[in-house]
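Bear in mind these aren't lab numbers, they're just calculated from the coordinates by the rules spelled out. On a predicted model such as this, the values are computed, not experimentally measured, just so you know. Because the Cβ atoms are built from the backbone with ideal geometry, glycine has one as well, and the counts that use them run over all protein chains shown.
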Amino acid sequence: MGDILKRIEDIEAEMARTQKNKATAGHLGMLKAKLAKLRRELITPKSQGGSAAQESFEVAKTGDSRIGFVGFPSVGKSTLLSNLAGVYSEVAAYEFTTLTTVPGCIKYKGAKIQLLDLPGIIEGAKDGKGRGRQVIAVARTANLIFIVLDVLKPLGHKKIIEKELEGFGIRLNKTPPNIIFKKKDKGGVNMQTMVPQSELDLELVKTILAEYRIHNADIVLRCDATSDE
């Protein structure tokens, strides 16, 4: 994991040094693709004789939908779960109390909704600090993310948490981009645009796909898409 974190740090530094203009768009697009790929590897590491399974916070998915409680340590996630679902997890007046994911379940209008009390994350979770990568790996499986904040602390914490989640590709309160992607066996990369594009062109799309070793695909852009999307 240390090697991945170092590569992430190097790419972020290079992106910070690179001016944003049309001439550097392709290079920045490639760097963003590499960064997204490395962060995905960070939360889905290769199996090492069962150690990855022991570190995982995942629990079996049940019910019709899943909601993950995400927040800093000791902000009341466990208390909220207890009040909603009658499930009790270890709580105390010190940081990092909840040591693993604690599930609960409620019913709403006939639907079973699974609630997950996730261990607290800290700033830098997207870069591997604390247990952030395991927490965010579970958060990615939720249908809805519920951010829990301490009312005595600044709302700046909300922005920090959103930044950490976005670092792993979780886009909160955003509609998925209207992009059709179909991988194929041959024929190269074909791109069709339904609206004018302010950032993407065929060469930049090829550069991004090449980072994922995809060289044959059909893509339809029905929105003014960005390289991140």
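Descriptive notes on the structure:
- Across the chain, the volume of the C-alpha convex hull divided among the residues equals 170 Å³ per residue.
- Straight-line cross-link partners of K61 among the aspartates and glutamates, defined as a Cα under 14 Å from its Cα and at least 8 positions apart when in the same chain: D117.
- Rounded to the nearest Hz, the phi-derived 3J(HN,Hα) couplings of segment 212-226 under the Karplus curve 6.51 cos²θ - 1.76 cosθ + 1.60 (θ = phi - 60°) are 9, 6, 10, 10, 9, 6, 10, 10, 10, 9, 9, 8, 7, 8, 10, where x marks glycine and proline.
- Dipole axis of the chain (+1 Lys, Arg; -1 Asp, Glu on Cβ), positive-most option in L165, L204, S65: S65
- Distance in nm between pseudo-label sites at K174 and E211 (7 Å out along the Cβ direction from Cα): 1.4 nm
- The chain: relative contact order as a whole-number percent, Cα under 8 Å and 6+ apart: 20 percent
- Qualifying aspartates and glutamates (Cα of each under 17 Å from Cα of K6; at least 8 residues distant if same chain): E14, E41, D127
- Residue-by-residue Karplus 3J(HN,Hα) for segment 65-76, coefficients 6.51, -1.76, 1.60, Hz, glycine and proline x: 7, 9, 10, x, 8, 10, x, 5, x, 6, 10, x
- Using θ = phi - 60° in the Karplus curve 6.51 cos²θ - 1.76 cosθ + 1.60, the 3J(HN,Hα) couplings for segment 149-156 round to 10, 7, 5, 8, 10, x, 5, x Hz; x is entered for Gly and Pro.
- Net charge of neighbours whose Cβ lies under 11 Å from the Cβ of T207, counting Lys and Arg as +1 and Asp and Glu as -1: 0
- Annotation: average projected area of segment 140-229 is 7.5 square nanometres, based on the convex hull of Cα atoms across all directions.
- Peptides 68-76, 192-200, 16-24 ranked from most to least packed, by the mean per-residue count of other Cβ atoms within 10 Å: 68-76, 192-200, 16-24.
- In this rough spin-label picture, where each label sits 7 Å from Cα along the Cβ direction, the L84-N190 distance is 4.6 nm.
- Amide H to amide H, with H built 1.01 Å from N, V189 comes under 5 Å of A217, counting only residues 5 or more places away or on other chains.
- Between S65 and Q114, the built amide H atoms are under 5 Å apart, and every one of these is 5 or more places off in sequence or on another chain.
- Within the shell defined by Cβ-Cβ distances under 13 Å, the residues around G104 carry a net charge of +3, with Lys and Arg each +1 and Asp and Glu each -1.
- A simple spin-label model places pseudo-atoms 7 Å from Cα toward Cβ; at K153 and E166 they are separated by 2.0 nm.
- For V70, nonlocal amide neighbours, meaning residues 5 or more places apart or on other chains whose placed amide H falls under 5 Å from its own, are F146, I147, V148.
- Sparse packing (at most 10 other Cβ atoms within 10 Å of the Cβ) combined with a DSSP loop state is found for the following trypsin sites (Lys or Arg not before Pro) in segment 190-226: R213.
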